[in-house]
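The values are calculated or read from the model by the stated rules, or taken from the named source; none is laboratory data. Note that this is a predicted model, so its numbers are computed, not measured. Using ideal geometry, Cβ is built from the backbone for each residue, glycine included, and neighbour counts are taken over all protein chains shown.
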Amino acid sequence: NAGVTQTPKFQVLKTGQSMTLQCAQDMNHNSMYWYRQDPGMGLRLIYYSASEGTTDKGEVPNGYNVSRLNKREFSLRLESAAPSQTSVYFCASSEMGQGIQPQHFGDGTRLSIL
Amino acid sequence: TQLLEQSPQFLSIQEGENLTVYCNSSSVFSSLQWYRQEPGEGPVLLVTVVTGGEVKKLKRLTFQFGDARKDSSLHITAAQPGDTGLYLCAGEPNFGNEKLTFGTGTRLTIIP
């Protein structure tokens with residue numbers, strides 16, 4: 001059981017380039033999330049999707065777009081990468097239910113913008 | 001935006017010692033989770049606390065949710081090298097709101 005799979009694991013971009021980070025989950029979860037992790041700042045939510053076809057902005061959405069392609073897949077796109085977007089990006093998924101549910105994370109994409 | 005501050009930011013102790021890390025906010029949370037993250041991996045859930053004053057134990061780890069649901073603590077007894085990692089608390093701002101607020105993290109190193 002793979003859980004949450006993120007690709008690629010590492011990427012180096014030049015300022016202004018674009019790229020899409022891919023995420024897929026095989027747990028039949030409705031909710032999916034994209035976070036970025038920077039030293040000393042924990043995890044900050046970029047975008048969230050409660051179900052296929054719906055997306056919602058999180059705390060730090062500027063410079064990013066997302067697509068919930070189907071129930072399994074949730075992609076994050078950087079249209080014009082900036083050095084401030086150098087970070088580790090995590091995708092997560094969770095069930096919907098009464099009360100807080102565990103979030104299941106992928107192993108992250110380490111992105112450097114030069 | 002509700003903030004969760006964790007302290008200390010870094011902690012390095014000898015194997016066998018006890019330790020406590022803290023997660024504090026000026027805001028009330030409906031519930032709170034603790035995650036542990038190891039290098040190169042994503043966070044993994046340790047526990048969820050939902051009631052003010054609740055105490056949960058997971059082997060040598062004891063988690064407490066403050067009475068006012070604004071703070072939480074994690075106490076580890078007889079720390080072992082396998083406890084090394086980044087500990088993150090995460091609060092649910094409103095019941096049913098699936099967007100968690102994550103704390104700033106405590107990076108724990110247990111020295112053999």
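Looking only at residues in region B:45-80 that are β-branched (V, I, T) and closer than 23 Å to A:F105 by Cα, which one is surrounded by the most Cβ atoms within 10 Å (Cβ to Cβ)? Can you show your working first?
Taking region B:45-80 and keeping what is β-branched (V, I, T), we get B:47-51, B:55, B:62, B:76-77.
Filter again for closer than 23 Å to A:F105 by Cα, leaving B:47-50.
On the way: B:V47: 19, B:T48: 19, B:V49: 22, B:V50: 17.
Per the stated criteria, the residue is B:V49.
Sort through A:G106, A:G53, A:G40, A:G58 and tell me the only one that's touching a strand residue (DSSP E or B) at 6+ places or on another chain (Cβ under 9 Å) and at positive phi. Even if it seems obvious, please write down each step before you answer.
Working: A:G106 fails: at positive phi; A:G40 fails: touching a strand residue (DSSP E or B) at 6+ places or on another chain (Cβ under 9 Å); A:G58 fails: at positive phi.
It is A:G53.
Counting only residues that are of a type in the set (A, V, I, L, M, F, W, C) and not in a loop (DSSP other than H, G, I, E, B), which one in region A:95-114 is farthest from the other protein chains (Cβ to nearest Cβ)?
Quick first cut of region A:95-114, residues of a type in the set (A, V, I, L, M, F, W, C) only: A:96, A:100, A:105, A:111, A:113-114.
Checking which are not in a loop (DSSP other than H, G, I, E, B) leaves us with A:105, A:111, A:113.
Working: A:F105: 3, A:L111: 15, A:I113: 20 Å.
Only one residue tops the list, namely A:I113.
Quick check on this structure: which one of B:L88, B:L3, B:L11 is hydrophobic (A, V, I, L, M, F, W, C), touching a Leu at 6+ places or on another chain (Cβ under 9 Å) and surrounded by fewer than 21 Cβ atoms within 10 Å (Cβ to Cβ)?
Working: B:L88 fails: surrounded by fewer than 21 Cβ atoms within 10 Å (Cβ to Cβ); B:L3 fails: touching a Leu at 6+ places or on another chain (Cβ under 9 Å).
Every option except B:L11 fails the conditions.
Just a yes or no: is a residue in region B:54-67 within 18 Å of A:L43 (Cα to Cα) and in contact with a Ser or Thr (Cβ under 8 Å, 6 or more places away or on another chain)?
So the first thing to find is which residues in region B:54-67 are within 18 Å of A:L43 (Cα to Cα), and the list is none.
The answer is no, given that none of the residues of region B:54-67 is within 18 Å of A:L43 (Cα to Cα) and in contact with a Ser or Thr (Cβ under 8 Å, 6 or more places away or on another chain).
Got a sec? Which of A:Q103, A:Q85 is under 19 Å from A:G42 (Cα atoms), modelled with pLDDT under 95 and surrounded by 14 or more Cβ atoms within 10 Å (Cβ to Cβ)?
Details: A:Q85 fails: modelled with pLDDT under 95.
Going through A:Q103, A:Q85 in turn, the sole match is A:Q103.
Could you tell me whether any residue of region B:15-34 is within 23 Å of A:V88 (Cα to Cα) and more than 14 Å from every other protein chain (Cβ to nearest Cβ)?
Step one: list which residues in region B:15-34 are within 23 Å of A:V88 (Cα to Cα), which gives B:23, B:33-34.
Of the ones still in play, those that are also more than 14 Å from every other protein chain (Cβ to nearest Cβ) are none.
No, region B:15-34 contains no residue that is within 23 Å of A:V88 (Cα to Cα) and more than 14 Å from every other protein chain (Cβ to nearest Cβ).
Being touching a Lys or Arg at 6+ places or on another chain (Cβ under 9 Å) and facing chain A (nearest Cβ under 10 Å) is the filter here; which residues of region B:51-100 pass it?
B:L86, B:L88, B:G91, B:E92
Here are the criteria: (1) in contact (Cβ under 8 Å) with a residue 24 or more places away in the chain; (2) surrounded by fewer than 16 Cβ atoms within 10 Å (Cβ to Cβ); (3) farther than 30 Å from A:I46 by Cβ; (4) under 13 Å from the mean Cα position of the chain (by Cα). Tell me which single one B:E17 does not satisfy.
The single condition B:E17 does not satisfy is (4).
Listed here are the residues, each with its yes/no results for (1) more than 8 Å from chain B (Cβ to nearest Cβ); (2) crowded, with 21+ Cβ neighbours inside 10 Å; (3) touching a residue at least 12 places away in the same chain (Cβ under 8 Å).
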position: A:A50; (1), (2), (3): no, no, yes
position: A:V66; (1), (2), (3): yes, yes, yes
position: A:K71; (1), (2), (3): yes, no, yes
position: A:S93; (1), (2), (3): yes, yes, yes
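Here is a check on your reading of the model: is A:Q25 facing chain B (nearest Cβ under 10 Å), surrounded by 14 or more Cβ atoms within 10 Å (Cβ to Cβ) and within 17 Å of B:P43 (Cβ to Cβ)?
On the way: facing chain B (nearest Cβ under 10 Å): no; surrounded by 14 or more Cβ atoms within 10 Å (Cβ to Cβ): yes; within 17 Å of B:P43 (Cβ to Cβ): yes.
No.
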